[in-house]
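Okay, structure first, notes after.
The values are calculated or read from the model by the stated rules, or taken from the named source; none is laboratory data. This one's a predicted model, so the numbers in the text were calculated from it and none came from an experiment. Counting neighbours? That spans all protein chains shown, and the Cβs are built from the backbone with ideal geometry, glycine included. Remember, those area values only see protein heavy atoms, side chains included, never the ligands or the DNA or RNA. Shrake-Rupley method; radii C 1.70, N 1.55, O 1.52, S 1.80 Å.
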Amino acid sequence: MRLNFHLNGAATVLEVAEDRRLVDLLREDLGLTGAKEGCGEGGCGACAVLVDGVARLSCLLLAAQIEGRSVLTVEGLGTPEAPHPLQAALLARGAIQCGYCTPGMVISGLALLEENPQPSHAEIRAGLSGNLCRCTGYQAIVEAVAAAAETLRETGR
Ligand code: FES
Ligand code: FES
């Protein structure tokens, strides 16, 4: 199929099999390796991206399902020089160890903060419950999301 969609703000046209998984399309066809494949079956959250502003698992989405939609991956957020406040907060709190879960955490964290700009720690844990991290023990991640929420409220971003 000829797939038309927006990727990180840019209109994108691609010839692709309609049953190509979004995670493969991003990582292998487009070289955007931020979204990670962990389980490949919807259980770990490492492959999360935003589709029309909603956190979705790219291992479970097919190319045909993103026709006409807007996809945001972690590459569309900050840069190493100018990280998004949530990325900066994760770095500042040492909430990243191996980093495999981090892009998915960022995406799910953003989706959560969009819905609830002032979440409690319990709400953050619930919001990130679909994202597994085998390294950090989660506490630093929760604190980073809470800190980013505060920054975003203060800066109006
Ligand atoms: S790789 Fe998609 S949820 Fe685990
Ligand atoms: S930092 Fe290693 S899985 Fe989360």
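Among Val49, Leu25, Cys39, whose Cα lies farthest out toward the positive end of the dipole of region 1-49, if unit charges sit on the beta carbon of Lys, Arg (+1) and Asp, Glu (-1)?
So the residue furthest toward the plus end is Val49.
Note down the relative contact order for region 1-90 as a percent, whole number, built from C-alpha pairs under 8 angstrom at least six residues apart.
Computed over region 1-90, the figure is 33 percent.
Compute the Rg to Rh ratio over the chain from the alpha carbon atoms, using the Kirkwood formula for Rh, and round to two decimal places.
Computed over Cα atoms, the ratio is 0.97.
For the pair Thr151/Gln97, report the inter-label distance in nm, with labels modelled 7 Å from Cα in the Cβ direction.
2.3 nm
Heavy atoms only, probe 1.4 Å: what % of the accessible area of the chain goes to carbon and sulfur, would you let me know?
With neighbouring chains kept in place, the figure for the chain is 49 percent.
Using a 1.4 Å probe, what is the accessible area per residue for the chain, in Å²?
For the chain, the solvent-accessible area averages 50 Å² per residue.
With charges only on Cβ, +1 for K and R and -1 for D and E, what is the dipole size of the chain about its Cα centre, in debye, rounded to 20?
260 debye
For region 36-84, what does the relative contact order come out to in percent, with C-alpha contacts under 8 Å and a separation of six or more?
29 percent
Please state the relative contact order of the chain as a whole percent: Cα pairs under 8 Å, 6+ residues apart?
Reported as a whole number, the value is 23 percent.
Do any GluC sites (Glu not before Pro) in region 21-79 lie in a loop, going by DSSP, with at most 13 other beta-carbon atoms within 10 Å of their beta carbon, and if so which?
Answer by residue number: Glu41, Glu67.
Give the calculated FRET efficiency between Thr33 and Cys135 to the nearest 0.05, with a Förster radius of 22 Å applied to their Cβ-Cβ distance.
The pair Thr33/Cys135 has a calculated efficiency of 0.70.
Taking all protein chains together and a probe of 1.4 Å, list Ser129, Ser120 from the most accessible to the least accessible.
In descending accessible area the options line up as Ser129, Ser120.
Quick check: convex hull of the Cα atoms in region 1-86, volume per residue, rounded to a whole Å³?
93 Å³
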